[in-house]
Amino acid sequence: MTDARRVISDMRELAALTSTADGAQRVAWTATWREARAWFTGKVAALGHAVEHDAAGNAWVTVPGHSSKTVVVGSHIDSVPNGGWLDGPLGLLGALEAVRVHGSHTPPVNLALVDWADEEGRFGLSLLGSSAAAGQLNIAEAARASDRHGTGLADALAENGVSLDRATDAHVRLSSLNPRAYLELHIEQGPVLQSIGRSVGVVVGTFGVERHILRFIGQAAHAGSTPIPLRHDAFLAAAQTALECRDIARRHSTREAHAACTVGVVDVEPKIPTAVPGVCEIALDQRALDGRVLAAMVLEARQASERFASENGVSVEWRPLWSVEPRPFDSTLVRLCEEAVREETGDAPRLPSGPVHDATRMAALMPAVMMFACSPNGLSHCKEEDTPEAALEQAIRAYVRLVGMTLNHVASTA
Ligand SMILES: [Zn+2]
(Lines give C-alpha, C1' and ligand atoms only; values in the text may rest on other atoms or scores of the structure.)
Protein backbone atom coordinates (compact mmCIF):
# COMPACT_ATOMS: atom_id res chain seq x y z
CA MET A 1 0.00 0.00 0.00
CA THR A 2 1.17 3.52 -0.78
CA ASP A 3 2.46 5.38 2.24
CA ALA A 4 2.35 9.02 1.17
CA ARG A 5 3.27 10.18 4.69
CA ARG A 6 6.60 8.37 4.41
CA VAL A 7 7.38 10.19 1.13
CA ILE A 8 6.65 13.54 2.77
CA SER A 9 8.80 12.78 5.81
CA ASP A 10 11.63 11.64 3.48
CA MET A 11 11.37 14.97 1.61
CA ARG A 12 11.52 16.88 4.90
CA GLU A 13 14.57 14.84 5.92
CA LEU A 14 16.31 15.62 2.61
CA ALA A 15 15.45 19.32 2.92
CA ALA A 16 16.85 19.46 6.46
CA LEU A 17 20.06 17.77 5.29
CA THR A 18 20.67 19.95 2.22
CA SER A 19 19.19 23.40 2.94
CA THR A 20 20.36 26.59 4.61
CA ALA A 21 18.17 29.42 5.92
CA ASP A 22 18.03 30.61 2.28
CA GLY A 23 16.60 27.35 0.91
CA ALA A 24 17.77 24.15 -0.80
CA GLN A 25 21.41 24.09 -1.97
CA ARG A 26 21.50 20.86 -4.01
CA VAL A 27 23.17 22.51 -6.99
CA ALA A 28 24.30 19.80 -9.43
CA TRP A 29 27.87 18.48 -9.19
CA THR A 30 28.54 20.21 -5.82
CA ALA A 31 29.34 18.55 -2.49
CA THR A 32 25.78 19.16 -1.23
CA TRP A 33 24.34 17.46 -4.32
CA ARG A 34 26.63 14.47 -3.77
CA GLU A 35 25.47 14.37 -0.16
CA ALA A 36 21.82 14.38 -1.31
CA ARG A 37 22.55 11.53 -3.71
CA ALA A 38 24.36 9.53 -1.02
CA TRP A 39 21.30 9.97 1.20
CA PHE A 40 19.09 8.75 -1.66
CA THR A 41 21.34 5.75 -2.28
CA GLY A 42 20.82 4.82 1.37
CA LYS A 43 17.01 4.94 0.92
CA VAL A 44 17.30 2.73 -2.16
CA ALA A 45 19.58 0.27 -0.37
CA ALA A 46 17.06 0.03 2.48
CA LEU A 47 14.60 -1.37 -0.12
CA GLY A 48 17.17 -3.95 -1.18
CA HIS A 49 18.10 -2.26 -4.49
CA ALA A 50 21.31 -0.78 -5.85
CA VAL A 51 22.04 2.49 -7.68
CA GLU A 52 23.98 2.48 -10.97
CA HIS A 53 25.28 5.53 -12.85
CA ASP A 54 25.19 6.00 -16.61
CA ALA A 55 27.77 7.87 -18.71
CA ALA A 56 26.00 11.21 -18.16
CA GLY A 57 25.91 10.88 -14.37
CA ASN A 58 22.21 9.96 -14.16
CA ALA A 59 21.49 7.56 -11.27
CA TRP A 60 19.38 4.46 -12.03
CA VAL A 61 17.59 1.80 -10.00
CA THR A 62 16.18 -1.13 -11.96
CA VAL A 63 13.62 -3.65 -10.73
CA PRO A 64 13.56 -6.58 -13.19
CA GLY A 65 10.09 -7.61 -14.37
CA HIS A 66 8.52 -10.53 -16.23
CA SER A 67 9.21 -8.90 -19.61
CA SER A 68 12.13 -7.02 -21.16
CA LYS A 69 10.01 -3.88 -21.68
CA THR A 70 10.56 -1.05 -19.22
CA VAL A 71 8.49 1.65 -17.54
CA VAL A 72 10.72 4.56 -16.47
CA VAL A 73 9.82 6.72 -13.45
CA GLY A 74 11.76 9.55 -11.86
CA SER A 75 12.71 13.21 -11.62
CA HIS A 76 15.73 15.06 -10.22
CA ILE A 77 17.32 15.65 -6.81
CA ASP A 78 19.27 18.78 -7.83
CA SER A 79 17.96 22.26 -7.07
CA VAL A 80 18.66 25.82 -8.09
CA PRO A 81 20.69 27.84 -5.53
CA ASN A 82 18.29 28.83 -2.71
CA GLY A 83 15.63 26.50 -4.11
CA GLY A 84 12.58 24.80 -2.64
CA TRP A 85 11.93 21.42 -1.03
CA LEU A 86 9.56 20.00 -3.66
CA ASP A 87 10.91 20.82 -7.15
CA GLY A 88 12.52 17.48 -8.04
CA PRO A 89 12.32 15.55 -4.74
CA LEU A 90 8.52 15.15 -5.00
CA GLY A 91 8.92 13.28 -8.30
CA LEU A 92 12.00 11.34 -7.26
CA LEU A 93 10.73 10.19 -3.87
CA GLY A 94 7.24 9.60 -5.29
CA ALA A 95 8.93 7.31 -7.84
CA LEU A 96 10.85 5.60 -5.03
CA GLU A 97 7.52 4.92 -3.32
CA ALA A 98 6.27 3.41 -6.60
CA VAL A 99 9.36 1.16 -6.61
CA ARG A 100 8.63 0.15 -3.02
CA VAL A 101 4.98 -0.66 -3.80
CA HIS A 102 5.28 -2.19 -7.28
CA GLY A 103 8.72 -3.72 -6.81
CA SER A 104 7.76 -5.74 -3.74
CA HIS A 105 6.95 -8.63 -6.14
CA THR A 106 8.30 -9.06 -9.66
CA PRO A 107 6.43 -6.45 -11.75
CA PRO A 108 4.92 -7.45 -15.13
CA VAL A 109 7.60 -5.40 -16.96
CA ASN A 110 10.85 -3.81 -15.75
CA LEU A 111 10.49 -0.76 -13.55
CA ALA A 112 13.41 1.67 -13.79
CA LEU A 113 13.80 4.71 -11.55
CA VAL A 114 16.05 7.58 -12.60
CA ASP A 115 17.49 10.64 -10.86
CA TRP A 116 18.44 12.92 -13.77
CA ALA A 117 21.68 14.83 -13.34
CA ASP A 118 21.64 18.65 -13.53
CA GLU A 119 18.02 19.18 -14.54
CA GLU A 120 18.22 22.79 -13.42
CA GLY A 121 20.99 23.66 -15.85
CA ARG A 122 23.76 24.95 -13.57
CA PHE A 123 25.71 25.81 -16.74
CA GLY A 124 22.79 27.35 -18.61
CA LEU A 125 21.91 24.04 -20.28
CA SER A 126 18.66 22.85 -18.68
CA LEU A 127 17.90 19.10 -18.68
CA LEU A 128 21.58 18.17 -19.07
CA GLY A 129 21.38 14.50 -18.00
CA SER A 130 18.08 13.71 -19.69
CA SER A 131 19.22 15.47 -22.88
CA ALA A 132 22.28 13.20 -22.96
CA ALA A 133 20.12 10.13 -22.35
CA ALA A 134 17.77 11.26 -25.13
CA GLY A 135 20.73 11.59 -27.50
CA GLN A 136 20.02 15.33 -27.76
CA LEU A 137 23.03 16.84 -25.99
CA ASN A 138 25.24 19.04 -28.15
CA ILE A 139 28.68 18.12 -26.77
CA ALA A 140 30.49 21.00 -28.49
CA GLU A 141 28.04 23.55 -27.03
CA ALA A 142 28.28 21.91 -23.59
CA ALA A 143 32.10 22.00 -23.72
CA ARG A 144 31.95 25.82 -23.97
CA ALA A 145 29.50 26.25 -21.06
CA SER A 146 30.46 27.57 -17.63
CA ASP A 147 28.49 28.55 -14.52
CA ARG A 148 28.06 32.03 -13.00
CA HIS A 149 31.33 31.61 -11.08
CA GLY A 150 33.31 30.71 -14.21
CA THR A 151 33.60 26.97 -13.49
CA GLY A 152 33.61 24.98 -16.75
CA LEU A 153 30.93 22.34 -17.29
CA ALA A 154 33.41 19.68 -18.42
CA ASP A 155 35.58 20.26 -15.32
CA ALA A 156 32.64 19.98 -12.91
CA LEU A 157 31.53 16.74 -14.57
CA ALA A 158 35.07 15.33 -14.52
CA GLU A 159 35.25 16.09 -10.79
CA ASN A 160 32.23 13.80 -10.47
CA GLY A 161 33.67 11.03 -12.60
CA VAL A 162 31.71 11.95 -15.73
CA SER A 163 33.49 12.46 -19.04
CA LEU A 164 31.57 14.95 -21.19
CA ASP A 165 32.87 13.39 -24.42
CA ARG A 166 31.21 10.10 -23.53
CA ALA A 167 28.00 11.53 -21.96
CA THR A 168 25.75 10.50 -24.84
CA ASP A 169 26.66 6.83 -24.18
CA ALA A 170 23.80 7.24 -21.71
CA HIS A 171 21.49 7.17 -24.74
CA VAL A 172 22.70 3.70 -25.73
CA ARG A 173 22.07 2.46 -22.20
CA LEU A 174 18.55 3.91 -22.04
CA SER A 175 17.64 2.50 -25.48
CA SER A 176 18.82 -0.95 -24.36
CA LEU A 177 16.13 -0.92 -21.67
CA ASN A 178 13.40 -1.07 -24.35
CA PRO A 179 11.65 1.87 -22.63
CA ARG A 180 7.88 2.06 -23.26
CA ALA A 181 6.65 4.78 -20.89
CA TYR A 182 8.00 7.68 -18.84
CA LEU A 183 6.01 8.96 -15.87
CA GLU A 184 6.97 12.03 -13.82
CA LEU A 185 5.31 13.68 -10.85
CA HIS A 186 6.20 17.32 -10.24
CA ILE A 187 4.87 20.46 -8.62
CA GLU A 188 3.09 22.77 -11.03
CA GLN A 189 5.29 25.82 -10.30
CA GLY A 190 2.40 27.97 -11.50
CA PRO A 191 -1.01 29.17 -10.26
CA VAL A 192 -3.44 27.35 -12.62
CA LEU A 193 -4.54 24.44 -10.37
CA GLN A 194 -4.98 26.75 -7.39
CA SER A 195 -7.04 29.14 -9.51
CA ILE A 196 -9.56 26.35 -10.26
CA GLY A 197 -9.46 24.97 -6.70
CA ARG A 198 -7.82 21.63 -7.59
CA SER A 199 -4.92 19.84 -5.90
CA VAL A 200 -3.71 17.49 -8.67
CA GLY A 201 -3.72 17.84 -12.46
CA VAL A 202 -2.95 15.91 -15.63
CA VAL A 203 -0.28 17.50 -17.81
CA VAL A 204 -1.09 17.33 -21.52
CA GLY A 205 2.35 18.41 -22.71
CA THR A 206 5.14 20.93 -22.30
CA PHE A 207 5.12 24.26 -24.09
CA GLY A 208 7.16 25.05 -27.14
CA VAL A 209 9.29 28.15 -26.68
CA GLU A 210 10.40 30.78 -29.22
CA ARG A 211 12.81 33.34 -27.79
CA HIS A 212 14.07 36.31 -29.84
CA ILE A 213 15.94 39.56 -29.37
CA LEU A 214 14.20 42.45 -31.15
CA ARG A 215 16.43 45.42 -31.90
CA PHE A 216 14.64 48.67 -32.76
CA ILE A 217 16.90 51.30 -34.35
CA GLY A 218 15.88 54.95 -34.50
CA GLN A 219 17.77 58.15 -33.79
CA ALA A 220 18.89 59.48 -30.43
CA ALA A 221 17.91 63.15 -30.04
CA HIS A 222 17.62 65.90 -27.43
CA ALA A 223 14.63 65.41 -25.13
CA GLY A 224 13.78 69.13 -25.18
CA SER A 225 14.51 70.35 -28.67
CA THR A 226 12.98 67.52 -30.73
CA PRO A 227 9.18 67.80 -31.23
CA ILE A 228 7.37 64.48 -30.82
CA PRO A 229 6.26 64.17 -34.47
CA LEU A 230 9.89 64.54 -35.57
CA ARG A 231 11.31 61.81 -33.31
CA HIS A 232 12.54 58.31 -34.17
CA ASP A 233 11.91 56.82 -30.70
CA ALA A 234 13.07 53.20 -30.63
CA PHE A 235 11.68 52.59 -27.14
CA LEU A 236 8.10 53.56 -28.02
CA ALA A 237 8.10 51.13 -30.95
CA ALA A 238 9.36 48.39 -28.60
CA ALA A 239 6.80 49.27 -25.93
CA GLN A 240 3.89 49.19 -28.39
CA THR A 241 5.15 45.84 -29.70
CA ALA A 242 5.31 44.43 -26.16
CA LEU A 243 1.70 45.44 -25.47
CA GLU A 244 0.55 43.94 -28.76
CA CYS A 245 2.38 40.67 -27.97
CA ARG A 246 0.37 40.42 -24.77
CA ASP A 247 -2.83 40.67 -26.83
CA ILE A 248 -1.49 38.08 -29.28
CA ALA A 249 -0.99 35.61 -26.40
CA ARG A 250 -4.48 36.39 -25.07
CA ARG A 251 -6.05 35.80 -28.48
CA HIS A 252 -4.35 32.39 -28.80
CA SER A 253 -5.22 31.20 -25.29
CA THR A 254 -7.91 28.55 -24.90
CA ARG A 255 -9.60 27.10 -21.84
CA GLU A 256 -7.41 23.98 -22.01
CA ALA A 257 -4.09 25.65 -22.81
CA HIS A 258 -3.13 29.24 -22.31
CA ALA A 259 -0.47 30.83 -24.50
CA ALA A 260 2.18 33.07 -22.99
CA CYS A 261 4.49 35.88 -23.90
CA THR A 262 7.00 37.79 -21.81
CA VAL A 263 9.25 40.75 -22.44
CA GLY A 264 11.79 40.14 -19.71
CA VAL A 265 14.63 42.34 -20.91
CA VAL A 266 14.49 45.97 -22.05
CA ASP A 267 17.62 47.89 -22.88
CA VAL A 268 17.77 51.40 -24.30
CA GLU A 269 20.59 53.56 -25.63
CA PRO A 270 21.90 56.03 -24.74
CA LYS A 271 20.01 55.46 -21.46
CA ILE A 272 20.04 59.03 -20.13
CA PRO A 273 16.99 61.01 -18.98
CA THR A 274 17.57 63.80 -21.47
CA ALA A 275 17.75 61.80 -24.72
CA VAL A 276 15.15 60.13 -26.95
CA PRO A 277 16.20 56.43 -27.09
CA GLY A 278 17.95 55.84 -30.41
CA VAL A 279 18.15 52.07 -29.90
CA CYS A 280 15.97 49.70 -27.90
CA GLU A 281 16.47 45.96 -27.52
CA ILE A 282 13.85 43.71 -25.98
CA ALA A 283 13.87 39.95 -25.34
CA LEU A 284 10.58 38.37 -26.38
CA ASP A 285 9.74 34.88 -25.04
CA GLN A 286 6.62 33.26 -26.56
CA ARG A 287 5.17 29.89 -25.51
CA ALA A 288 2.34 27.63 -26.62
CA LEU A 289 1.44 23.95 -26.53
CA ASP A 290 0.54 23.73 -30.22
CA GLY A 291 3.32 24.23 -32.76
CA ARG A 292 1.01 25.90 -35.31
CA VAL A 293 -0.26 28.32 -32.67
CA LEU A 294 3.29 29.15 -31.65
CA ALA A 295 4.31 29.76 -35.28
CA ALA A 296 1.30 32.04 -35.76
CA MET A 297 2.17 33.97 -32.60
CA VAL A 298 5.72 34.56 -33.82
CA LEU A 299 4.47 35.71 -37.23
CA GLU A 300 1.92 38.09 -35.70
CA ALA A 301 4.54 39.50 -33.33
CA ARG A 302 6.91 40.07 -36.23
CA GLN A 303 4.23 41.89 -38.24
CA ALA A 304 3.30 43.99 -35.21
CA SER A 305 6.94 44.94 -34.60
CA GLU A 306 7.28 46.08 -38.23
CA ARG A 307 4.06 48.08 -38.07
CA PHE A 308 5.04 49.88 -34.84
CA ALA A 309 8.57 50.41 -36.12
CA SER A 310 7.24 52.15 -39.19
CA GLU A 311 4.73 54.22 -37.17
CA ASN A 312 7.62 55.47 -35.03
CA GLY A 313 10.02 56.05 -37.90
CA VAL A 314 12.46 53.34 -36.79
CA SER A 315 13.58 49.95 -38.13
CA VAL A 316 13.51 46.54 -36.42
CA GLU A 317 15.71 43.45 -36.62
CA TRP A 318 14.92 40.00 -35.15
CA ARG A 319 17.62 37.69 -33.82
CA PRO A 320 16.80 34.16 -32.61
CA LEU A 321 17.95 33.41 -29.04
CA TRP A 322 16.64 29.94 -28.12
CA SER A 323 13.76 27.66 -29.05
CA VAL A 324 12.29 24.29 -28.19
CA GLU A 325 9.46 22.45 -29.92
CA PRO A 326 6.17 21.85 -28.13
CA ARG A 327 5.98 18.34 -26.73
CA PRO A 328 2.41 17.04 -26.41
CA PHE A 329 2.22 13.96 -24.16
CA ASP A 330 0.97 10.52 -25.19
CA SER A 331 -2.85 10.39 -25.40
CA THR A 332 -3.11 6.88 -23.89
CA LEU A 333 -0.93 7.80 -20.92
CA VAL A 334 -2.85 11.07 -20.50
CA ARG A 335 -6.05 9.00 -20.24
CA LEU A 336 -4.49 6.61 -17.68
CA CYS A 337 -3.24 9.61 -15.73
CA GLU A 338 -6.74 11.10 -15.75
CA GLU A 339 -8.16 7.87 -14.40
CA ALA A 340 -5.56 7.69 -11.62
CA VAL A 341 -6.06 11.33 -10.61
CA ARG A 342 -9.86 11.04 -10.74
CA GLU A 343 -9.84 7.95 -8.53
CA GLU A 344 -7.86 9.80 -5.86
CA THR A 345 -9.40 13.27 -6.07
CA GLY A 346 -12.75 12.88 -7.85
CA ASP A 347 -11.69 15.13 -10.72
CA ALA A 348 -8.90 15.30 -13.29
CA PRO A 349 -8.23 18.78 -14.70
CA ARG A 350 -5.91 18.95 -17.71
CA LEU A 351 -3.28 21.64 -18.06
CA PRO A 352 -0.11 22.29 -20.06
CA SER A 353 3.30 22.81 -18.51
CA GLY A 354 4.91 26.20 -19.06
CA PRO A 355 8.36 25.12 -17.82
CA VAL A 356 10.25 22.36 -19.65
CA HIS A 357 11.00 19.18 -17.70
CA ASP A 358 13.04 15.99 -18.16
CA ALA A 359 9.76 14.52 -19.45
CA THR A 360 10.09 16.92 -22.40
CA ARG A 361 13.24 15.05 -23.46
CA MET A 362 11.79 11.61 -22.75
CA ALA A 363 8.64 12.38 -24.78
CA ALA A 364 10.83 12.46 -27.90
CA LEU A 365 11.88 8.84 -27.22
CA MET A 366 8.83 7.13 -25.75
CA PRO A 367 5.24 7.76 -24.63
CA ALA A 368 5.36 10.09 -21.62
CA VAL A 369 3.07 11.93 -19.25
CA MET A 370 3.40 14.12 -16.17
CA MET A 371 1.20 14.72 -13.15
CA PHE A 372 1.23 18.04 -11.27
CA ALA A 373 0.56 18.81 -7.62
CA CYS A 374 -0.69 22.36 -7.09
CA SER A 375 1.76 25.15 -6.17
CA PRO A 376 -0.03 27.71 -3.99
CA ASN A 377 0.67 31.21 -5.31
CA GLY A 378 2.70 29.59 -8.09
CA LEU A 379 5.90 30.04 -6.10
CA SER A 380 8.89 27.84 -7.00
CA HIS A 381 12.68 28.05 -7.28
CA CYS A 382 12.65 29.82 -3.89
CA LYS A 383 12.50 28.81 -0.25
CA GLU A 384 8.81 29.80 -0.08
CA GLU A 385 7.95 26.93 -2.48
CA ASP A 386 5.28 24.84 -0.71
CA THR A 387 2.21 22.66 -1.23
CA PRO A 388 -0.26 21.62 1.50
CA GLU A 389 0.49 18.11 2.74
CA ALA A 390 -3.05 16.93 1.95
CA ALA A 391 -2.51 17.83 -1.73
CA LEU A 392 0.92 16.17 -1.74
CA GLU A 393 -0.56 12.98 -0.30
CA GLN A 394 -3.25 12.88 -2.99
CA ALA A 395 -0.70 13.46 -5.71
CA ILE A 396 1.66 10.75 -4.41
CA ARG A 397 -1.15 8.20 -4.15
CA ALA A 398 -2.45 9.06 -7.64
CA TYR A 399 1.07 8.81 -9.06
CA VAL A 400 1.82 5.39 -7.52
CA ARG A 401 -1.55 4.24 -8.85
CA LEU A 402 -0.64 5.55 -12.32
CA VAL A 403 2.66 3.61 -12.24
CA GLY A 404 0.76 0.39 -11.46
CA MET A 405 -1.75 1.01 -14.24
CA THR A 406 1.05 1.79 -16.70
CA LEU A 407 3.02 -1.38 -15.81
CA ASN A 408 -0.10 -3.42 -16.65
CA HIS A 409 -0.83 -1.38 -19.76
CA VAL A 410 2.70 -1.81 -21.14
CA ALA A 411 2.63 -5.55 -20.32
CA SER A 412 -0.58 -5.91 -22.34
CA THR A 413 0.75 -4.19 -25.49
CA ALA A 414 2.97 -5.73 -28.15
ZN1 LIG B 1 12.03 20.29 -11.50
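What to note about this one:
- Selection within the stretch 40-75 - touching a Ser or Thr at 6+ places or on another chain (Cβ under 7 Å) and β-branched (Val, Ile, Thr): Val51, Val71
- Filter result for the condition that a residue is part of a loop (DSSP other than H, G, I, E, B), at pLDDT 95 or above and within 10 Å of the ligand (Cβ to nearest atom), over Asp87, Asp118: Asp87
- Residue list for the stretch 261-275, filter: at pLDDT below 95 and either over 14 Å from Val209 (Cβ atoms) or not in a strand (DSSP E or B) (or both): Val265
- Ala142 being at pLDDT below 95 and either under 16 Å from Trp60 (Cα atoms) or outside any loop (DSSP other than H, G, I, E, B) (or both): yes
- Count - residues of the stretch 189-208 that are farther than 14 Å from His258 by Cβ and away from the ligand (no atom under 16 Å from the Cβ): 6
- Within the stretch 212-260, the set of residues being outside any helix (DSSP H, G or I) and either touching a Leu at 6+ places or on another chain (Cβ under 7 Å) or hydroxyl-bearing (Ser, Thr, Tyr) (or both) comprises His212, Ile213, Leu214, Ser225, Thr226, Ser253, Thr254, Ala257.
- Verdict on Gln194 being on the phi > 0 side of the Ramachandran plot, in contact with a Ser or Thr (Cβ under 8 Å, 6 or more places away or on another chain) and outside any strand (DSSP E or B): no
- Hey, Pro229 farther than 21 Å from Glu306 by Cβ and out of contact with any Phe, Trp or Tyr (no Cβ under 8 Å at 6 or more places or on another chain) or not: no
- All of Ser131, Ser126, Ser75 fail the test of being crowded, with 18+ Cβ neighbours inside 10 Å, farther than 28 Å from Leu392 by Cβ, under 17 Å from the mean Cα position of the chain (by Cα) and within 16 Å of the ligand (Cβ to nearest atom), apart from Ser131.
- Across the stretch 90-103, the qualifying residues are those that are small (Gly, Ala, Ser) and in contact with a helix residue (DSSP H, G or I) (Cβ under 6 Å, 6 or more places away or on another chain), and the one among them that is nearest to the ligand (Cβ to nearest atom) is Gly94.
- Of the residues making up the stretch 250-270, those that are under 20 Å from Ala283 (Cβ atoms), within 23 Å of the chain's Cα centre (by Cα), among the aliphatic types (A, V, I, L, M) and surrounded by 15 or more Cβ atoms within 10 Å (Cβ to Cβ) are Ala259, Ala260, Val263.
- Within the stretch 276-295, the residues that satisfy the criterion of being among the aliphatic types (A, V, I, L, M) and either outside any loop (DSSP other than H, G, I, E, B) or closer than 25 Å to Pro229 by Cβ (or both) are Val276, Val279, Ile282, Ala283, Leu284, Ala288, Val293, Leu294, Ala295.
- Summed over the stretch 176-194, the residues that are closer than 26 Å to Leu96 by Cβ and within 22 Å of the chain's Cα centre (by Cα) give a count of 13.
- Output for the stretch 216-249, where each listed residue is buried (at least 18 other Cβ atoms within 10 Å of the Cβ), touching a Lys or Arg at 6+ places or on another chain (Cβ under 9 Å) and more than 22 Å from Ala260 (Cα to Cα): Gly218, Ala234
- The number of residues in the stretch 32-53 being surrounded by 14 or more Cβ atoms within 10 Å (Cβ to Cβ) and either at positive phi or charged (D, E, K, R) (or both) comes to 4.
- Qualifying residue in the stretch 165-181 (condition: in contact (Cβ under 8 Å) with a residue 40 or more places away in the chain, part of a strand (DSSP E or B), surrounded by 13 or more Cβ atoms within 10 Å (Cβ to Cβ) and not small (Gly, Ala, Ser)): yes
- If the condition is being free of Cβ contacts under 8 Å to residues at least 24 places away in the same chain, of a type outside the set (A, V, I, L, M, F, W, C) and outside any strand (DSSP E or B), then the stretch 36-73 contributes Thr41, Gly42, Gly48.
- Verdict on Trp29 being surrounded by 14 or more Cβ atoms within 10 Å (Cβ to Cβ), of a type outside the set (Ser, Thr, Tyr) and touching a His at 6+ places or on another chain (Cβ under 8 Å): no
- Residues in the stretch 123-150 that are touching a residue at least 12 places away in the same chain (Cβ under 8 Å) and over 30 Å from Met366 (Cβ atoms): Ser146, Asp147.
The values are calculated or read from the model by the stated rules, or taken from the named source; none is laboratory data. As the structure is a computational prediction, the values presented were derived from the model and not from experiment. Cβ: placed from backbone, ideal geometry, glycine included. Neighbour counts: every protein chain shown.
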